[in-house]
1. Which FRET efficiency, nearest 0.05, do B:Glu287 and A:Ile2 yield, Cβ-Cβ r, R0 56 Å?
2. Run the accessible area of the range A:6-95 with a 1.4 Å probe and give the carbon-and-sulfur part as a rounded percent.
3. Just how much of B:Trp98 is accessible, in Å², when a 1.4 Å probe is used and the result is rounded to the nearest 10?
4. Once the convex hull of the C-alpha atoms of the range B:147-241 is built, how many Å³ does it hold per residue, rounded to a whole number?
5. Inside 10 Å of the C-beta atoms of A:18-30, what's the mean count of C-beta atoms belonging to other chains?
6. With every protein chain in place, what's the accessible area of A:Glu8 (1.4 Å probe, Å², nearest 10)?
7. Could you calculate the FRET efficiency of B:Thr77 with A:Lys63 from 1/(1 + (r/R0)^6), where r is the beta carbon distance between them and R0 is 51 Å, rounded to 0.05?
8. Quote the convex hull volume per residue of the protein assembly as shown, based on C-alpha atoms, as a whole number of Å³.
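The values are calculated or read from the model by the stated rules, or taken from the named source; none is laboratory data. What you are looking at is a predicted structure, and each value in this text was computed from that prediction instead of being measured. Here the Cβ is made from the backbone with ideal geometry for all residues, glycine too, and neighbour counts use every protein chain on show. For accessibility, only protein heavy atoms count, side chains too; no ligands or nucleic acids. Shrake-Rupley method; radii C 1.70, N 1.55, O 1.52, S 1.80 Å.
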Amino acid sequence: MITKYLTEVTAKFNPFSKRAKAARIFLSCIPADARAQMKITTSLLPPHPVKPTVLDVKFKDGKEMKFDLKELRINDIVEQVDRHSRLLARKEDLAG
Amino acid sequence: MPPRIRVAPSKLTKSPFPRRQITTSSRQYAALAQVPHSHDHSIIPELSTIKDYPITQPPTHRRPELRKSQLLRQYLTTLRSSPIILIFQHNSVLSPEWAAIRTVLRSSLQKVDKEQGTNVAEYIKLQVMKASILTAALRLDVWWKPDQLPHPETFVHTHALSEEAYEFAMSESKKKKHGLEPVLVGPIAVVTLPRMSPEHLKMVFSILSPSPEFKAPRRAANPAYYERAVQTGVPKLMLLGARVESKPFTIEKVKWIGTIAGGLDGLRAQLVHALEGVGASLANTLESSGKSLYYTLDARRDMLEEKPKVDQAENSHPDGAESK
(Lines give C-alpha, C1' and ligand atoms only; values in the text may rest on other atoms or scores of the structure.)
Protein backbone atom coordinates (compact mmCIF):
# COMPACT_ATOMS: atom_id res chain seq x y z
CA MET A 1 0.00 0.00 0.00
CA ILE A 2 1.26 3.50 -0.84
CA THR A 3 1.11 5.55 2.35
CA LYS A 4 3.30 8.45 1.24
CA TYR A 5 0.34 10.68 0.37
CA LEU A 6 -1.82 10.02 3.43
CA THR A 7 -2.10 12.69 6.11
CA GLU A 8 -4.74 11.32 8.41
CA VAL A 9 -6.27 7.96 9.21
CA THR A 10 -9.22 7.63 11.57
CA ALA A 11 -10.50 4.24 12.65
CA LYS A 12 -13.30 3.48 15.06
CA PHE A 13 -14.34 -0.07 15.66
CA ASN A 14 -15.48 -2.62 18.16
CA PRO A 15 -12.80 -5.34 18.19
CA PHE A 16 -15.44 -7.98 18.88
CA SER A 17 -17.29 -7.24 15.64
CA LYS A 18 -16.53 -8.96 12.35
CA ARG A 19 -16.53 -5.66 10.46
CA ALA A 20 -13.52 -4.43 12.39
CA LYS A 21 -11.28 -6.82 10.49
CA ALA A 22 -10.67 -4.60 7.46
CA ALA A 23 -10.03 -1.52 9.60
CA ARG A 24 -7.59 -3.40 11.79
CA ILE A 25 -5.68 -4.87 8.89
CA PHE A 26 -5.55 -1.44 7.26
CA LEU A 27 -3.91 -0.07 10.42
CA SER A 28 -1.41 -2.90 10.42
CA CYS A 29 -0.47 -2.10 6.80
CA ILE A 30 0.79 1.37 7.75
CA PRO A 31 4.57 1.25 7.91
CA ALA A 32 6.52 1.66 11.14
CA ASP A 33 7.90 5.13 10.49
CA ALA A 34 4.72 6.59 8.98
CA ARG A 35 3.36 7.86 12.29
CA ALA A 36 5.71 10.84 12.15
CA GLN A 37 4.15 12.00 8.87
CA MET A 38 0.47 11.27 9.40
CA LYS A 39 -2.03 11.46 12.20
CA ILE A 40 -3.49 8.13 13.16
CA THR A 41 -6.50 8.13 15.45
CA THR A 42 -7.84 4.85 16.70
CA SER A 43 -10.76 4.53 19.05
CA LEU A 44 -12.26 1.30 20.24
CA LEU A 45 -16.02 1.19 20.57
CA PRO A 46 -17.83 -0.73 23.30
CA PRO A 47 -20.13 -3.57 22.19
CA HIS A 48 -23.18 -1.69 23.51
CA PRO A 49 -24.60 0.54 22.13
CA VAL A 50 -23.79 -0.67 18.63
CA LYS A 51 -22.12 2.06 16.60
CA PRO A 52 -20.97 1.84 13.00
CA THR A 53 -17.38 0.95 12.20
CA VAL A 54 -15.54 3.90 10.70
CA LEU A 55 -12.46 4.09 8.52
CA ASP A 56 -11.60 7.54 7.11
CA VAL A 57 -8.51 8.42 5.16
CA LYS A 58 -7.30 11.91 4.21
CA PHE A 59 -4.79 12.65 1.47
CA LYS A 60 -2.27 15.44 1.01
CA ASP A 61 -4.40 17.14 -1.62
CA GLY A 62 -7.30 17.34 0.82
CA LYS A 63 -9.33 14.46 -0.57
CA GLU A 64 -11.15 12.48 2.05
CA MET A 65 -12.22 8.87 1.64
CA LYS A 66 -14.79 7.19 3.84
CA PHE A 67 -15.12 3.46 3.60
CA ASP A 68 -18.23 1.45 4.19
CA LEU A 69 -16.91 -1.60 5.99
CA LYS A 70 -20.14 -3.55 5.58
CA GLU A 71 -19.35 -4.17 1.94
CA LEU A 72 -15.65 -3.57 1.43
CA ARG A 73 -12.81 -5.91 2.15
CA ILE A 74 -9.23 -4.95 2.84
CA ASN A 75 -8.14 -5.57 -0.76
CA ASP A 76 -10.81 -3.21 -2.09
CA ILE A 77 -9.83 -0.50 0.39
CA VAL A 78 -6.14 -0.79 -0.44
CA GLU A 79 -6.98 -0.68 -4.14
CA GLN A 80 -9.00 2.53 -3.76
CA VAL A 81 -6.36 4.23 -1.63
CA ASP A 82 -3.58 3.22 -4.02
CA ARG A 83 -5.50 4.44 -7.03
CA HIS A 84 -5.66 7.96 -5.66
CA SER A 85 -2.09 7.80 -4.36
CA ARG A 86 -0.83 6.88 -7.84
CA LEU A 87 -2.71 9.86 -9.25
CA LEU A 88 -0.99 12.13 -6.74
CA ALA A 89 2.37 10.52 -7.52
CA ARG A 90 1.90 11.19 -11.22
CA LYS A 91 1.00 14.82 -10.55
CA GLU A 92 4.07 15.17 -8.39
CA ASP A 93 6.27 13.70 -11.12
CA LEU A 94 4.86 16.05 -13.76
CA ALA A 95 5.34 19.06 -11.51
CA GLY A 96 8.95 17.96 -11.14
CA MET B 1 36.73 -32.83 -0.06
CA PRO B 2 33.66 -34.67 -1.25
CA PRO B 3 32.15 -37.30 1.02
CA ARG B 4 33.48 -40.78 0.51
CA ILE B 5 30.09 -42.31 0.39
CA ARG B 6 28.07 -40.63 -2.28
CA VAL B 7 24.60 -39.72 -1.15
CA ALA B 8 21.90 -38.72 -3.58
CA PRO B 9 20.77 -35.12 -3.08
CA SER B 10 17.18 -36.23 -2.72
CA LYS B 11 18.15 -38.28 0.32
CA LEU B 12 20.08 -35.39 1.84
CA THR B 13 17.05 -33.11 1.86
CA LYS B 14 15.02 -35.65 3.77
CA SER B 15 14.24 -34.85 7.36
CA PRO B 16 16.46 -36.55 9.93
CA PHE B 17 13.28 -37.47 11.78
CA PRO B 18 11.35 -39.95 9.65
CA ARG B 19 7.60 -39.74 9.81
CA ARG B 20 5.84 -42.18 12.03
CA GLN B 21 5.19 -45.46 10.35
CA ILE B 22 1.80 -46.83 11.17
CA THR B 23 2.17 -50.36 12.37
CA THR B 24 0.18 -52.68 10.27
CA SER B 25 -1.02 -56.01 11.38
CA SER B 26 1.24 -57.78 8.88
CA ARG B 27 4.31 -56.17 10.45
CA GLN B 28 3.28 -57.32 13.86
CA TYR B 29 2.86 -60.86 12.64
CA ALA B 30 6.30 -60.65 11.04
CA ALA B 31 7.77 -59.66 14.37
CA LEU B 32 6.03 -62.55 16.01
CA ALA B 33 7.26 -64.93 13.35
CA GLN B 34 10.86 -64.03 14.11
CA VAL B 35 10.51 -65.23 17.71
CA PRO B 36 11.78 -68.79 17.92
CA HIS B 37 9.21 -71.33 19.05
CA SER B 38 11.54 -72.79 21.66
CA HIS B 39 11.19 -69.61 23.80
CA ASP B 40 8.99 -69.61 26.83
CA HIS B 41 5.68 -67.91 26.00
CA SER B 42 5.64 -66.00 29.25
CA ILE B 43 8.71 -64.00 28.11
CA ILE B 44 6.99 -62.74 24.99
CA PRO B 45 5.01 -59.64 25.81
CA GLU B 46 1.56 -59.32 24.38
CA LEU B 47 1.43 -57.81 20.95
CA SER B 48 -0.89 -55.02 22.05
CA THR B 49 1.63 -53.79 24.62
CA ILE B 50 4.49 -53.46 22.14
CA LYS B 51 4.75 -49.83 21.06
CA ASP B 52 6.67 -48.52 18.12
CA TYR B 53 7.40 -45.22 19.86
CA PRO B 54 8.94 -44.09 23.13
CA ILE B 55 6.48 -43.25 25.93
CA THR B 56 7.70 -39.65 26.02
CA GLN B 57 7.17 -39.20 22.28
CA PRO B 58 3.70 -40.38 21.33
CA PRO B 59 2.74 -40.19 17.67
CA THR B 60 1.55 -36.82 16.41
CA HIS B 61 -0.61 -35.67 13.56
CA ARG B 62 1.93 -33.21 12.21
CA ARG B 63 5.67 -33.79 12.45
CA PRO B 64 6.67 -32.64 15.95
CA GLU B 65 9.84 -30.89 14.82
CA LEU B 66 7.85 -28.45 12.71
CA ARG B 67 7.53 -24.91 14.02
CA LYS B 68 3.75 -25.00 13.71
CA SER B 69 3.45 -28.08 15.92
CA GLN B 70 5.65 -26.63 18.62
CA LEU B 71 3.85 -23.27 18.49
CA LEU B 72 0.50 -25.00 18.93
CA ARG B 73 1.81 -26.94 21.89
CA GLN B 74 3.36 -23.82 23.39
CA TYR B 75 0.23 -21.69 22.89
CA LEU B 76 -1.99 -24.35 24.41
CA THR B 77 0.25 -24.56 27.47
CA THR B 78 0.18 -20.77 27.78
CA LEU B 79 -3.62 -20.72 27.50
CA ARG B 80 -3.97 -23.42 30.13
CA SER B 81 -1.56 -21.86 32.59
CA SER B 82 -2.56 -18.18 32.38
CA PRO B 83 -5.70 -16.97 34.13
CA ILE B 84 -5.42 -13.55 32.46
CA ILE B 85 -4.45 -13.08 28.83
CA LEU B 86 -4.55 -9.61 27.32
CA ILE B 87 -4.83 -9.50 23.55
CA PHE B 88 -3.19 -6.63 21.67
CA GLN B 89 -2.81 -5.78 18.03
CA HIS B 90 0.68 -4.65 17.07
CA ASN B 91 0.97 -2.36 14.07
CA SER B 92 4.48 -2.52 12.58
CA VAL B 93 6.33 -2.43 15.89
CA LEU B 94 10.08 -2.51 15.25
CA SER B 95 12.39 -4.85 17.09
CA PRO B 96 14.18 -2.11 19.11
CA GLU B 97 10.75 -0.86 20.15
CA TRP B 98 9.73 -4.35 21.27
CA ALA B 99 12.94 -4.69 23.25
CA ALA B 100 12.49 -1.29 24.92
CA ILE B 101 8.82 -1.95 25.76
CA ARG B 102 9.66 -5.35 27.24
CA THR B 103 12.46 -3.87 29.35
CA VAL B 104 10.23 -1.12 30.73
CA LEU B 105 7.40 -3.56 31.39
CA ARG B 106 9.71 -5.92 33.24
CA SER B 107 11.25 -3.20 35.41
CA SER B 108 7.87 -1.66 36.27
CA LEU B 109 6.40 -5.04 37.18
CA GLN B 110 9.39 -5.76 39.38
CA LYS B 111 8.56 -2.60 41.32
CA VAL B 112 5.01 -3.91 41.84
CA ASP B 113 6.52 -7.21 42.95
CA LYS B 114 8.61 -5.43 45.58
CA GLU B 115 5.55 -3.59 46.91
CA GLN B 116 3.41 -6.71 46.97
CA GLY B 117 6.13 -9.11 48.06
CA THR B 118 5.43 -11.44 45.15
CA ASN B 119 7.54 -12.98 42.43
CA VAL B 120 5.38 -12.74 39.34
CA ALA B 121 7.17 -10.15 37.18
CA GLU B 122 9.49 -12.52 35.38
CA TYR B 123 6.61 -14.75 34.35
CA ILE B 124 4.49 -11.96 32.84
CA LYS B 125 5.35 -12.05 29.18
CA LEU B 126 4.61 -9.91 26.19
CA GLN B 127 4.88 -12.10 23.14
CA VAL B 128 3.77 -12.08 19.55
CA MET B 129 1.52 -14.96 18.61
CA LYS B 130 0.29 -16.27 15.30
CA ALA B 131 -3.43 -15.63 15.23
CA SER B 132 -4.35 -18.75 13.25
CA ILE B 133 -2.43 -21.13 15.48
CA LEU B 134 -3.69 -19.35 18.58
CA THR B 135 -7.26 -19.86 17.32
CA ALA B 136 -6.62 -23.58 16.91
CA ALA B 137 -5.02 -23.78 20.35
CA LEU B 138 -7.97 -21.92 21.86
CA ARG B 139 -10.40 -24.35 20.26
CA LEU B 140 -8.49 -27.26 21.76
CA ASP B 141 -8.30 -25.57 25.15
CA VAL B 142 -12.01 -24.90 25.26
CA TRP B 143 -13.42 -28.12 23.85
CA TRP B 144 -10.74 -30.84 23.67
CA LYS B 145 -11.59 -32.69 26.86
CA PRO B 146 -11.35 -36.34 25.86
CA ASP B 147 -12.66 -37.66 29.20
CA GLN B 148 -15.89 -35.72 28.88
CA LEU B 149 -16.54 -36.50 25.21
CA PRO B 150 -18.78 -39.41 24.19
CA HIS B 151 -16.86 -42.69 23.73
CA PRO B 152 -13.59 -41.68 25.38
CA GLU B 153 -12.34 -45.25 24.96
CA THR B 154 -12.00 -44.73 21.20
CA PHE B 155 -9.19 -42.20 21.63
CA VAL B 156 -5.80 -43.89 21.56
CA HIS B 157 -3.85 -40.67 22.12
CA THR B 158 -5.24 -37.62 23.84
CA HIS B 159 -2.37 -35.14 23.76
CA ALA B 160 -2.77 -31.83 21.94
CA LEU B 161 -0.76 -32.80 18.86
CA SER B 162 -2.45 -36.18 18.42
CA GLU B 163 -4.39 -37.12 15.35
CA GLU B 164 -7.54 -37.40 17.47
CA ALA B 165 -7.16 -33.82 18.71
CA TYR B 166 -6.57 -32.63 15.16
CA GLU B 167 -9.65 -34.41 13.86
CA PHE B 168 -11.67 -32.94 16.70
CA ALA B 169 -10.38 -29.42 16.13
CA MET B 170 -11.09 -29.62 12.40
CA SER B 171 -14.54 -31.13 12.61
CA GLU B 172 -16.71 -30.79 15.69
CA SER B 173 -15.38 -27.74 17.44
CA LYS B 174 -15.36 -25.68 14.24
CA LYS B 175 -19.11 -25.30 14.46
CA LYS B 176 -18.97 -23.80 17.96
CA LYS B 177 -18.02 -20.28 18.95
CA HIS B 178 -15.82 -19.36 21.89
CA GLY B 179 -16.34 -15.62 21.45
CA LEU B 180 -12.81 -14.53 20.60
CA GLU B 181 -12.89 -15.42 16.89
CA PRO B 182 -13.29 -11.84 15.57
CA VAL B 183 -10.51 -10.60 17.84
CA LEU B 184 -7.92 -13.13 16.73
CA VAL B 185 -7.32 -11.62 13.31
CA GLY B 186 -4.23 -9.87 12.02
CA PRO B 187 -1.03 -9.26 13.96
CA ILE B 188 -1.61 -10.31 17.55
CA ALA B 189 0.53 -9.82 20.63
CA VAL B 190 -0.39 -11.27 23.96
CA VAL B 191 0.40 -10.46 27.58
CA THR B 192 0.04 -13.46 29.83
CA LEU B 193 -0.27 -13.22 33.60
CA PRO B 194 0.34 -16.41 35.54
CA ARG B 195 -1.72 -15.23 38.52
CA MET B 196 -4.91 -13.25 38.99
CA SER B 197 -3.23 -10.11 40.27
CA PRO B 198 -5.07 -6.81 39.72
CA GLU B 199 -2.01 -4.84 40.87
CA HIS B 200 0.15 -6.27 38.12
CA LEU B 201 -2.66 -5.91 35.62
CA LYS B 202 -2.94 -2.25 36.52
CA MET B 203 0.74 -1.72 35.84
CA VAL B 204 0.51 -3.55 32.49
CA PHE B 205 -2.36 -1.26 31.48
CA SER B 206 -0.56 1.89 32.52
CA ILE B 207 2.52 0.90 30.50
CA LEU B 208 0.99 -0.65 27.39
CA SER B 209 -2.33 1.13 27.04
CA PRO B 210 -2.38 4.31 29.11
CA SER B 211 -5.81 5.87 29.60
CA PRO B 212 -7.39 8.32 32.09
CA GLU B 213 -8.06 5.39 34.46
CA PHE B 214 -4.58 3.97 34.13
CA LYS B 215 -2.23 6.88 33.74
CA ALA B 216 1.23 6.36 32.30
CA PRO B 217 4.04 6.55 34.87
CA ARG B 218 5.53 9.99 35.41
CA ARG B 219 8.91 10.88 34.03
CA ALA B 220 10.43 11.14 37.50
CA ALA B 221 9.06 7.76 38.55
CA ASN B 222 10.02 5.88 35.41
CA PRO B 223 12.42 7.75 33.10
CA ALA B 224 12.92 4.66 30.90
CA TYR B 225 9.29 4.91 29.81
CA TYR B 226 10.04 8.24 28.13
CA GLU B 227 12.78 6.85 25.90
CA ARG B 228 12.17 7.36 22.23
CA ALA B 229 11.80 3.67 21.36
CA VAL B 230 9.11 3.16 24.01
CA GLN B 231 7.26 6.34 23.13
CA THR B 232 7.07 5.40 19.45
CA GLY B 233 6.29 1.75 20.17
CA VAL B 234 3.48 2.00 22.72
CA PRO B 235 0.99 3.87 20.45
CA LYS B 236 1.38 1.04 17.95
CA LEU B 237 -0.04 -1.44 20.45
CA MET B 238 -3.81 -1.61 20.60
CA LEU B 239 -5.63 -3.42 23.39
CA LEU B 240 -8.43 -5.45 21.81
CA GLY B 241 -9.79 -7.66 24.55
CA ALA B 242 -8.85 -10.31 27.03
CA ARG B 243 -9.43 -13.84 28.14
CA VAL B 244 -9.96 -14.12 31.86
CA GLU B 245 -10.49 -17.51 33.49
CA SER B 246 -11.24 -19.05 30.07
CA LYS B 247 -13.90 -16.46 29.25
CA PRO B 248 -13.76 -13.68 26.68
CA PHE B 249 -13.67 -10.23 28.25
CA THR B 250 -14.18 -6.85 26.58
CA ILE B 251 -11.82 -3.98 27.35
CA GLU B 252 -14.20 -2.37 29.85
CA LYS B 253 -14.63 -5.57 31.81
CA VAL B 254 -10.93 -6.34 32.01
CA LYS B 255 -10.13 -2.76 32.96
CA TRP B 256 -12.58 -3.12 35.81
CA ILE B 257 -10.41 -5.97 37.16
CA GLY B 258 -7.46 -3.58 37.10
CA THR B 259 -9.38 -1.00 39.11
CA ILE B 260 -10.00 -3.30 42.07
CA ALA B 261 -8.38 -1.37 44.90
CA GLY B 262 -5.85 -3.27 46.95
CA GLY B 263 -5.78 -6.17 44.53
CA LEU B 264 -7.18 -9.56 45.43
CA ASP B 265 -6.71 -8.97 49.16
CA GLY B 266 -8.68 -5.76 48.88
CA LEU B 267 -11.49 -7.63 47.19
CA ARG B 268 -11.45 -10.28 49.90
CA ALA B 269 -11.57 -7.55 52.56
CA GLN B 270 -14.56 -6.00 50.79
CA LEU B 271 -16.30 -9.37 50.68
CA VAL B 272 -15.61 -10.05 54.36
CA HIS B 273 -16.92 -6.60 55.23
CA ALA B 274 -20.07 -7.14 53.19
CA LEU B 275 -20.66 -10.57 54.72
CA GLU B 276 -20.07 -9.25 58.23
CA GLY B 277 -22.59 -6.48 57.62
CA VAL B 278 -25.14 -8.98 56.32
CA GLY B 279 -24.47 -11.31 59.27
CA ALA B 280 -24.88 -8.57 61.84
CA SER B 281 -28.13 -7.35 60.32
CA LEU B 282 -29.43 -10.93 60.02
CA ALA B 283 -28.61 -11.64 63.66
CA ASN B 284 -30.31 -8.40 64.60
CA THR B 285 -33.45 -9.33 62.65
CA LEU B 286 -33.61 -12.81 64.14
CA GLU B 287 -32.99 -11.48 67.60
CA SER B 288 -35.55 -8.72 67.35
CA SER B 289 -38.68 -10.94 67.49
CA GLY B 290 -37.39 -12.78 70.56
CA LYS B 291 -36.41 -9.55 72.17
CA SER B 292 -39.77 -7.94 71.53
CA LEU B 293 -41.52 -11.03 72.93
CA TYR B 294 -39.30 -10.87 76.01
CA TYR B 295 -40.05 -7.19 76.51
CA THR B 296 -43.79 -7.75 76.05
CA LEU B 297 -43.84 -10.60 78.55
CA ASP B 298 -41.66 -8.66 80.93
CA ALA B 299 -43.97 -5.69 80.71
CA ARG B 300 -46.94 -8.00 81.28
CA ARG B 301 -45.27 -9.54 84.35
CA ASP B 302 -44.59 -6.10 85.69
CA MET B 303 -48.18 -5.24 85.07
CA LEU B 304 -49.38 -8.38 86.84
CA GLU B 305 -47.03 -7.76 89.76
CA GLU B 306 -48.20 -4.19 90.04
CA LYS B 307 -51.87 -5.14 89.88
CA PRO B 308 -52.05 -6.94 93.26
CA LYS B 309 -50.31 -3.95 94.83
CA VAL B 310 -52.87 -1.66 93.27
CA ASP B 311 -55.64 -4.01 94.45
CA GLN B 312 -54.17 -4.00 97.92
CA ALA B 313 -53.98 -0.24 97.81
CA GLU B 314 -57.56 -0.05 96.57
CA ASN B 315 -58.72 -2.46 99.29
CA SER B 316 -56.89 -0.50 101.95
CA HIS B 317 -58.25 2.81 100.63
CA PRO B 318 -61.98 2.04 101.18
CA ASP B 319 -61.06 0.82 104.61
CA GLY B 320 -59.48 4.16 105.29
CA ALA B 321 -62.59 5.89 103.95
CA GLU B 322 -64.77 3.79 106.20
CA SER B 323 -62.57 4.58 109.10
CA LYS B 324 -63.18 8.25 108.41
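1. Computed FRET efficiency for B:Glu287 and A:Ile2: 0.10.
2. Numbers: 2620 of 5330 Å².
Summing carbon and sulfur atoms, their accessible area is 49 percent of the total for the range A:6-95.
3. For B:Trp98, solvent-accessible area is about 30 Å².
4. 171 Å³
5. Per-residue shielding by partner chains comes out at 4.
6. 50 Å²
7. Values: r = 50 Å, r/R0 = 0.97.
Plugging the Cβ-Cβ distance into 1/(1 + (r/R0)^6) gives 0.55.
8. Taking only Cα atoms, the protein assembly as shown has a hull volume of 423 Å³ per residue.
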